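The values are calculated or read from the model by the stated rules, or taken from the named source; none is laboratory data. What you see is a predicted model; the values in this text were computed from it and never measured. Note that we place each Cβ from the backbone using ideal geometry, even for glycine, and neighbour counts take in every protein chain shown.
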Amino acid sequence: MVRPTTNNSLRSIINPVIFVLSAFLVTSCYYDNEEYLYPELPGGQCDTTGVTYSAFVAPLLASNCNSCHNEATPNGNVITSTYTGLKNAVNSGVFRKAINHESGTSFMPKGGNKLPSCELLKIDAWINQGAPQN
Ligand code: HEC
């Protein structure tokens, strides 16, 4: 038995639902990056004061970098697990470029998301102090 009226009204409900779902899928992929997943402080602020090697930089590298950049496995000739190794990479400029995904470098962390922008700003603040072992 053909009931075109029912089919049409069903379709008029289902089509918008499919449209909304696909729009959601597209935008959820589009926004699937770390800046949206890990928002900064309320109001989009990032506190870059008082960043130290011991309290901020070293633990960040331990979580994100040292597995591939230690003395036993210095990928790309870069060691992030020691202050001296890190300082060399900072001084050559390659450290800052790699984590900020600037062209001409391998983007780090390799195979992972770019670090959240507030963490990058804090690292910049530390580098601008002269990258001290503080
Ligand atoms: C899964 C392993 C892995 C992780 C995690 C990783 N790296 Fe690397 N890194 C590499 C490899 C391998 C290279 C050598 C270049 C290449 O193969 O892309 C490299 C190269 C580099 C270079 C030199 C880039 C260049 O263009 O010469 C720097 C600087 C660097 N990594 C810093 C970091 C920092 C900082 C982190 C953490 C935020 C990190 N890496 C995380 C594997 C890794």
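Listing for the model above:
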| item | result |
| --- | --- |
| Count - residues of the range 67-97 that are touching a strand residue (DSSP E or B) at 6+ places or on another chain (Cβ under 9 Å) and more than 9 Å from the ligand (Cβ to nearest atom) | 3 |
| Looking only at the range 67-115, and only at residues there that are farther than 17 Å from residue 54 by Cα and in contact with a Cys (Cβ under 8 Å, 6 or more places away or on another chain), the one that is surrounded by the fewest Cβ atoms within 10 Å (Cβ to Cβ) | 110 |
| Pairs, first without any contact (Cβ under 8 Å) to a residue 12 or more places away in the chain in the range 103-129, second not in a helix (DSSP H, G or I), C-beta under 7 Å, six or more apart | 107/101 |
| Any hit, the range 116-125, residues being at pLDDT 95 or above, surrounded by fewer than 13 Cβ atoms within 10 Å (Cβ to Cβ) and part of a loop (DSSP other than H, G, I, E, B) | no |
| Search result, residues across the range 86-110 that are among the hydrophobic types (A, V, I, L, M, F, W, C) and either in a helix (DSSP H, G or I) or in contact with a Pro (Cβ under 7 Å, 6 or more places away or on another chain) (or both) | 86, 89, 90, 94, 95, 98, 99 |
